[in-house]
Every structure is written in C-alpha cells, then in structure tokens.
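We did not get these values from a lab; they are worked out from the coordinates using the rules stated. Everything quoted here is computed from the prediction, not taken from an experiment. When we count neighbours, we look across all protein chains shown, and the Cβ atoms used for this are built from the backbone with ideal geometry, even at glycine.
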Amino acid sequence: MTLDALRATAQEGLSYAENEYDRARYRKLLGMASEKYAEITGLNAETIRKVFLREHGSITPKVGVDVAVPNHKGEILAGLYPARFQRYAAFSGIIPRGRLWQR
C-alpha cells in the first residue's frame, strides 16, 4: 500500500465509520500517514493532519468541467453567481474519475 492509499483509506474510514472503535483506528492511520508526510515535506504533522481532515467521503481525483450554451442567436448563456460576488461565469462542475459526460 502506498502512503497516499493509506491516507485515503484513513480519510474514507473516518467519513464512513459507524462506531467509535473504527474511528479510533482510522484516526491512528491518519496520524501515521500525517507523520510520514511530515518527514517527507518538513511540515508539521498536526498541520498536515488538519488539512487531510477537511476532505470527506471518497478521496478521488476530480476533473473540472465548463460548458458554453449558445442560444439560437449565438449568444452564450451565463450563470450568475450569488449577488454578493457580482460576476458571471460559465456553467461548471466536477466529474469524478471514471464517470463519462452525458447529455
């Protein structure tokens, strides 16, 4: 098992564990992975662990997707961010690895 696979297993386990015993085991795995990453990077292990704890669920690479939608006049439709951002953007999202774009 690679170090990244160990980290992913720990993070996913923490997301889906159903009891405190399993959560304790996954916290220990994440601590071990964080310590090894700290040795490699020279960063603080606790800081690394906190960063890892921010991501929940399945740990997978994600691909960003933007689309342009023209109307019959050739004008491009745009999405409007919430008013506080005061800007427009292309429609976008993410597609998990292994999924195909479908119309």
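Derived value for region 3-53: Kirkwood hydrodynamic radius 10.7 Å. Basis is the mean of 1/r over every pair of different alpha-carbon atoms. Modelled label positions at V69 and E20, each set 7 Å beyond Cα in the direction of Cβ, lie 4.9 nm from each other. Once you list every other residue whose beta carbon is under 14 Å from the beta carbon of K50, what net charge do they have if Lys and Arg are +1 and Asp and Glu are -1? Here the count lands on +1. In terms of packing, defined here as the mean over residues of other Cβ atoms within 10 angstrom, the peptides 46-55, 31-40, 13-22 line up highest first as 31-40, 46-55, 13-22. A cut-off under 13 angstrom between Cβ atoms defines the neighbours of L29, and their net charge, with Lys, Arg +1 and Asp, Glu -1, is +3. In plain terms, the chain from L6 to M32 could stretch by 8.5 nm, reckoned as 0.36 nm per residue minus the Cα-Cα distance.
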